[in-house]
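As structure tokens, the structure follows; a few thoughts come after it.
The values are calculated or read from the model by the stated rules, or taken from the named source; none is laboratory data. What you see is a predicted model, and the numbers here were worked out from it, not measured in a lab. We place every Cβ from the backbone using ideal geometry, glycine too, and count neighbours over all the protein chains shown. Areas reflect the complete protein model, heavy atoms only, side chains present, ligands, DNA and RNA absent. Shrake-Rupley method; radii C 1.70, N 1.55, O 1.52, S 1.80 Å.
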Number of protein chains: 2
Amino acid sequence: MTIETRPRLRRRDGRLPQRAVADLTAALAARFGAKFTTAEAVRLQHGHTLTWIDNAPPDAVVFAETREDVVDAVRICAAHDAPIVPFGAGTSLEGHVNALYGGVSIDCSRMNHVLAVHGEDLDCVVEPGVTRKALNDYLRDTGLFFPVDPGADASIGGMAATRASGTNAVRYGTMKDSVLSLGVVTADGSFLRTASRAKKSAAGYDLTRLFVGSEGTLGIIVEITLRLAGVPEAIAGGHCPFASVRAACDATIETIQSGLPVARIELLDALQVKACNAYSKLGLPETPMLFVEFHGSEESVAEQARRFGEIAAGHGGGPFAWARQAEARSKLWQARHDAYWAATGLRPGARPFATDVCVPISRLADCVEETQRDIVERGLIAPIVGHVGDGNFHVSPLVDMNDASEIERAERFADRLARRAIAMDGTCTGEHGIGQKKIAFLEVEREPEALDLMRRVKLAFDPQNLFNPGKIFRQP
Amino acid sequence: MTIETRPRLRRRDGRLPQRAVADLTAALAARFGAKFTTAEAVRLQHGHTLTWIDNAPPDAVVFAETREDVVDAVRICAAHDAPIVPFGAGTSLEGHVNALYGGVSIDCSRMNHVLAVHGEDLDCVVEPGVTRKALNDYLRDTGLFFPVDPGADASIGGMAATRASGTNAVRYGTMKDSVLSLGVVTADGSFLRTASRAKKSAAGYDLTRLFVGSEGTLGIIVEITLRLAGVPEAIAGGHCPFASVRAACDATIETIQSGLPVARIELLDALQVKACNAYSKLGLPETPMLFVEFHGSEESVAEQARRFGEIAAGHGGGPFAWARQAEARSKLWQARHDAYWAATGLRPGARPFATDVCVPISRLADCVEETQRDIVERGLIAPIVGHVGDGNFHVSPLVDMNDASEIERAERFADRLARRAIAMDGTCTGEHGIGQKKIAFLEVEREPEALDLMRRVKLAFDPQNLFNPGKIFRQP
């Protein structure tokens, strides 16, 4: 799928000519002073830095501190036909922050204020640079928390832009469900809110969900109204070993189907458990494992744990070791969140080739098993960890970045994985997004007619192709 | 907000000239034979028939039986520049099925097959004419049910198109949350699916949510993949009287905030209780009342009922009479679903001027109280009933349709109600939709810039303005 740039100033390769960049940076420097830089170190920090994907720095960085800063930056970029790449915390995994055609990174990390907390309504309004941990620290005394937890301490703006989810999504939903309304700056420098603060509405098109997951290609998110959840009276959690990935998946399916309101249910394959043992000193048996957590009243978490233990035993799993104590649970979940870093420890010097897919839960065991066979056959080192209650899992082959053939092998593996998930009526990405490397898979996943509708939305909202060119859509 | 028609054949008033209608009906008759009619009685049934809104019949009706029928009907209409109005069960309350500019009603009620039930995945695939009751009958032996319940036995296609919700939404969400994917026929007669069957995805724009709530203005929904829920092990429910609407609202807020997973929590004001007593022989005290329902295990519903009773008592409410027996519960909920018809009994010969709004729950008591004062001051008879867990409520002034001044009074009342809700950061409609009569309120609720984005989507998807002209957007 192709988006045609209106080539006002950009060259055929999508970049501005040197002289136009100079004009642009002069205009931005005049408006933003110390909030603007072209320093190479800063530019490199604003390209992708987290995985195997190459760093593509912007020509310049604006540190926006207010909505007006964003509006002015967008207007200056529009006048100079400069690509705009929104930046939050830089924790995305699919190269979203890379400036593939140069232009300006608009860094929103200084827009980090919680604007309002409405305790009775269970919602809050935040600026995009607030991170999820900062928000939960802020909420500590309110009895409320923000449940979406992708692991990394991502910015709320970035999480909305990429439709993030994570471990709690099985119970609390994803950013699609958590965002009540967005304030956005569009391509002509307008500001608008997508919805009211009402918990539901049937008033017109769902612009909120259109911007959630648009990966910075339709506008810049400068304000987010979020649903919050009440801190549960009690939390219990633990780990449960299984003889096989299939048995763990079957236990997960039965758990979900029985209506047990599990708050987290995470699969680690034997290799990932081994990695976590080494990295986080867990001492777990190195066999497929479910990490689970229950939220509720004291009685209900105990009942949930009891019922889960029975279900696991029915699939040959166990013993299910669980606890209410915060320390025991924290150690487990910190290890889960560090799984990505633990994986890198399996092969020092290599980088994780992170990818994710999501399938209907009935196909999860098939998909994971086929993927494991593929890993073995190709001689890859690639631990698997997943939000299996949603049918979503991650695979991260560890790749020697100095070996082009290894990179190619990992790319071919990721290609087969995406196509496998799509063939099972799943998706090439459950939570990481399309970014720059999954465009071809999106083209496999959806019909040309559906891609055409997406392209029409993009053209209708951003005819000049200012916002994050090279993401979601193929460029000319 | 204005959508400009490309006036290929339609006259300045938006209708086709007589001769073009004759050409159109000849083409449709040739393709559809007995599945096509211009009989007046049938045409009148396909305009709005349910409330005070005037009936506006189409020029012709096509009874589509397959996706191919819909594709061909759309192509013939496009070739003849004829407006297209999708029709499901005709239960919408905002005139969505009215053919304001004539054209063709595409009736999907015969597309009433359940195409698949995926028990392990808790989802199903249905044609748009399947009604929610028919679906739940079909699911009876699966242990699963479809929870969205707007009261009327609406079609699933219509429910998706209007972003329907209802009594269970507080626990199970609205159609926004229940639809996993849609199959749609677009303005050029293409068919596409908006998403895979994966429970979550980060792959491209959320076309699913863009079509949910688009009120037939972007395309015709011909297939719906729906999330299902497990039938709870136990259900308990009952009613609880309060001294005031405010006390009932405050009890609701505390219930929601405490994390009690209430499945239904409905407010009836004293007048609505009186109406239900008369219509459904309930014998309840005629005072503000909450109807509540709990889903869970035997222990958990008992615990929820106990906790709710305590909360209600804390606000002077009670006694909370509840039961597990299906008969007692059914009588109550049948009465709740018949509230609309019960209301009409308060003033024989009058018609209900149905409207709904939704506000942040912290403003619910204010909004309901101000509305009650307005009702009293204006001498209206207007019962109030609401899905108060979501901050959503309905008011239906009973109007003598032969008295123009009464209709105008009701319109002014609805105008004040919508503006009141919007001023409280709420919405002019929580679940009925914009349809033909709330366009002006949508223009108050959202900034011109947001309306402009909606208009851009409409123009990008339906440049010829074929689909449901006169709904959501003002016409030239």
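A crude spin-label estimate for the pair B:SER330 and B:LYS281, with each label 7 Å from Cα along the Cβ direction, gives 1.5 nm. Charge dipole of the protein assembly as shown (Cα centre as origin; +1 on each Lys and Arg Cβ, -1 on each Asp and Glu Cβ, all else neutral): 1500 debye, rounded to the nearest 20. Cross-linked pairs B:LYS274/B:LYS331; A:LYS274/B:LYS200; B:LYS281/B:LYS331: Cα-Cα separations exceed 21 Å for A:LYS274/B:LYS200.
Report for segment A:81-204 the percent antiparallel among DSSP-assigned beta bridges with both residues inside it, nearest 5.
Bridges in segment A:81-204 that DSSP calls antiparallel: roughly 60 percent.
Using the 1.4 Å probe convention, the accessible area of segment A:384-429 works out to 31 Å² per residue with neighbouring protein chains retained.
Taking the Cα centre of segment A:13-134 as origin, sum charge times position over the Cβ atoms of Lys and Arg (+1) and Asp and Glu (-1), and report the length of that vector in debye to the nearest 20.
Roughly 300 debye, rounded to the nearest 20.
Close amide-amide hydrogen proximity is noted between A:PHE36 and A:PHE63, each under 5 Å apart and 5 or more residues distant or on a separate chain (H modeled in the peptide plane; Pro and chain starts excluded). With contacts taken as Cα pairs under 8 Å at a separation of at least 6 residues, chain B carries a relative contact order of 17 percent.
Once the Cβ-Cβ distance of A:GLU310 and A:ARG378 is raised to the sixth power relative to R0 = 30 Å, the FRET efficiency obtained is 0.20. In chain B, the portion of solvent-accessible area held by carbon and sulfur atoms comes to 50 percent [1.4 Å probe, whole percent, DNA, RNA and ligands not counted].
The DSSP beta bridges internal to the protein assembly as shown are antiparallel in roughly 80% of cases.
Inter-chain neighbour count for B:186-197: the average number of beta-carbon atoms from partner chains within 10 Å of each residue's beta-carbon is 5. Cα axis of helix B:326-337 to longest principal axis of chain B: angle in degrees, 0 to 90, nearest 10? The two axes meet at around 50 degrees. Take B:ALA79, push a point 7 Å out from Cα through the beta-carbon direction, and compare it with the same point in every other copy: 5.2 nm, smallest first. Against the longest alpha carbon principal axis of chain B, how many degrees, from 0 to 90 and to the nearest 10, is the axis of helix B:364-377 turned? Helix B:364-377 sits at roughly 80 degrees to that axis. DSSP beta bridges fully contained in segment B:1-156 are about 45 percent antiparallel. State whether segment A:321-443 is rounded, prolate or oblate according to the following rule on the C-alpha gyration tensor (a ≥ b ≥ c being the square roots of its eigenvalues): a/c under 1.5 gives rounded; otherwise a/b larger than b/c gives prolate, and the remaining case gives oblate. The shape class here is oblate. The other copies place their A:GLN18 label points at 7.4 nm from this one, listed shortest first, where each point is 7 Å from Cα along Cα→Cβ. Peptide B:357-364 has a mean shielding of 6, counted as Cβ atoms of other protein chains within 10 Å of each residue's Cβ.
Given axes a ≥ b ≥ c from the Cα gyration tensor, I'd like to know whether segment B:272-346 is rounded (a/c under 1.5), prolate (a/b larger than b/c) or oblate. Oblate. Inter-copy label distances at A:ARG373, using a point 7 Å along Cα-to-Cβ, come to 7.2 nm with the shortest given first. Annotation: amide H-H contacts under 5 Å for A:ASP123 (H modelled 1.01 Å from N, sequence separation of 5 or more, or interchain): A:HIS118, A:LEU228. Inter-label distance, A:VAL444 to A:GLU298: 5.3 nm, where each label sits 7 Å from its Cα along the C-beta direction. Near A:ARG67: Cβ cut-off under 9 Å, other residues only, Lys/Arg at +1 and Asp/Glu at -1. The net charge is -4. For segment B:242-341, the list of trypsin sites (Lys or Arg not before Pro) that fall in a loop by DSSP and count at most 12 other C-beta atoms within 10 angstrom reads B:LYS281. Taking a point 7 Å from the Cα of B:MET401 along the Cα-to-Cβ direction, the residues of segment B:308-352 with backbone N closer than 20 Å to it are B:339-352.
Contact order normalised by length for segment A:396-476, with contacts defined as Cα pairs under 8 Å and 6 or more residues apart; what percent is it? It comes to 24 percent, rounded to a whole number. Positive-end ranking of A:PHE353, A:THR255, B:LEU139 along the dipole of the protein assembly as shown, with charges on Cβ about the Cα centre, is headed by A:PHE353. Pairs of Cα atoms nearer than 8 Å and 6+ residues apart set the relative contact order; for segment A:269-393 it is 31 percent. Partner shielding of A:153-166 amounts to 1, given as the average count of beta-carbon atoms from other chains within 10 Å of each residue beta-carbon. About the centre of its Cα atoms, segment A:121-262 shows a dipole size close to 220 debye [charges on the beta carbon of Lys, Arg (+1) and Asp, Glu (-1) only; nearest 20 debye]. A crude spin-label estimate for the pair B:ALA134 and B:ALA423, with each label 7 Å from Cα along the Cβ direction, gives 4.5 nm. Measuring r between the beta carbons of A:THR66 and A:ASP141 and using R0 = 30 Å, the FRET efficiency lands at 0.65. Axis of helix B:270-280 versus longest Cα principal axis of chain B: the two differ by about 80°, to the nearest ten degrees.
Rounded, prolate or oblate: pick one for the protein assembly as shown, where a ≥ b ≥ c are the square roots of the eigenvalues of its C-alpha gyration tensor, a/c under 1.5 means rounded, and failing that, prolate if a/b is larger than b/c, else oblate. Oblate, because a/c is 1.5 or more while a/b does not exceed b/c. Each of the peptides B:379-392, B:343-356 was scored by the mean count of other Cβ atoms within 10 Å over its residues; in descending order, highest first, they stand as B:379-392, B:343-356.
Label reach from B:GLU233 (point 7 Å along Cα→C-beta): in segment B:119-141, no amide nitrogen lies under 13 Å.
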